[in-house]
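Computed from the coordinates by the stated procedures, all read-outs in this text should not be read as laboratory data. For clarity, every value in this text was computed on a predicted model and none was experimentally measured. Methodologically, a virtual Cβ is constructed for each residue, glycine included, from the backbone with ideal geometry; neighbour enumeration extends over all protein chains shown.
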Amino acid sequence: MVIARKQIGSHSAVIKGPLILISASLMALLLVAAQASDFDAYPDDVATLLNEYQHDSDSQGSTIPSVLALQGHLDTETIVDFNSGIIVVTSASIAQLEKAIIDVLLTQIDPSVIDAATAHDFGLVNADTKRPFFFKQILDHTGQAIEFEWRARRFALYLIKNSPQVRGKRSVTIRMISDHKEMASDKYQRYVQAASFTNDLSPALVMAIIETESAFNPLARSRSNALGLMQIKPDTAGRDYFTLIKGYAHTPTSSYLYNPKNNIEVGAGYLRILAERYLVGIAHPKKLEYAIIASYNGGSGNLWQSLNSKGNKKKAIARINKMSVQEFYWFLTHRHRMKETRNYLKKVTSKIEKYRYL
């Protein structure tokens, strides 16, 4: 689990407009069309998403960081997977299904789920164009971007016409374009560049961590209650940031961390704390980068224990400094005590190169 992690908080769910986060009273209705016995009705990737969601969700919706679950009308559910680029909309009513499809195509994923007054502060509404959140990430059946209601409605009707019916419900799958994550990253470039400059970090590293953590889902949360794009846990990484960088003890709120600009500033600041405080002494910059990535996920304590049976920091750092860059990378991806961290380092480093242009 990421040391810097996750929670959507205890806020009741009401997004301004037609979409709200799924509440406990509606969970019994969630995915009625996607019971295990019915997964054969869906393409393999959609069935995998529904199965994962069904077994990894709680009364507030998904605890998979890349997945956002939305509830419209009583019998209508929408699941958005920012990682795979799949949106599944399910309803017993054709009219409600049509409305839910239009809603998600035109939504700004209004962050008033926390506070209606902060919608623009969350950076989710394009102040210049006012275009939908998924503009150009989703194309209609004619290959056109969806900006206006008439095009969204036409696409919705097209999808419904070809939708399967399972247990009395209709289900529609909407697929984003293949490079949807690269396009999504554009929304946050200015925040990443500013925070990286302030904290002397590579913007490519920060962007790769965001993609790995949340797949650019700004309302991401995890079972361990880490929040937002960089999956910040308020009482650990969040508190460290305010104590060590801002200079006063403070635990950031959920609404603060759901603001993409704030989230990226805190996440980048925490990476700096790792480099300058917890991991100080690692000489080679590339080895330090690998240690930062591993510690962002598993904590510096697990790094020391992976290198020294007693977790002795001084001896662990001395061992790191004796290794070559290649040897240290191999060690972290094969001998780190946490399997999640071994895989995490591989994922982040594999994504860094595509953001080198930043």
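Cβ crowding within 10 Å, taken as a proxy for footprinting-reagent exposure, orders ILE352, ILE64, ILE101 from fewest neighbours to most as ILE352, ILE64, ILE101.
Convex hull of alpha carbon positions in the stretch 172-279: directionally averaged projected area 7.5 nm². Between ARG239 and MET183, the simple spin-label model (points 7 angstrom out along Cα→Cβ) gives 4.2 nm.
Label separation (VAL325 vs ARG190): 3.4 nm, computed from points 7 Å beyond Cα along the C-beta direction.
For LEU227, the residues whose modelled amide H falls within less than 5 Å of its own, excluding neighbours fewer than 5 places apart on the same chain, are LYS6, GLN7, ILE232, LYS233.
Taken one residue at a time, the phi angles of the stretch 297-309 give Karplus couplings (6.51, -1.76, 1.60, θ = phi - 60°) of 8, x, x, 5, x, 5, 5, 4, 5, 5, 9, 9, 4 Hz. Gly and Pro are set to x. Per-residue Karplus couplings for the stretch 278-290, computed as 6.51 cos²θ - 1.76 cosθ + 1.60 with θ equal to phi - 60°, are listed in order as 6, 10, 4, x, 7, 7, 7, x, 6, 5, 5, 4, 4 Hz, Gly and Pro entered as x. Couplings 3J(HN,Hα) for the stretch 239-247, derived from phi with the Karplus relation 6.51 cos²θ - 1.76 cosθ + 1.60 (θ = phi - 60°), are 5, 4, 4, 5, 6, 8, 9, 7, x Hz, where x marks Gly and Pro. Scaled against the 2.2 N^0.38 Å expected of a compact globular protein of N residues, the Cα radius of gyration of the stretch 188-355 reads 0.99. Close amide-amide hydrogen proximity is noted between VAL166 and SER171, each under 5 Å apart and 5 or more residues distant or on a separate chain (H modeled in the peptide plane; Pro and chain starts excluded). Distance between the 7 Å Cα→Cβ label points at GLU52 and LYS246: 3.3 nm. At full extension, ARG223 and ILE94 could sit 43.1 nm farther apart than now, given 0.36 nm per residue minus the alpha carbon distance. For LYS136, a cut-off of 25 angstrom between C-alpha atoms picks up these lysines, skipping any fewer than 8 places away in its own chain: LYS16, LYS99, LYS161, LYS181, LYS187, LYS261, LYS351, LYS354.
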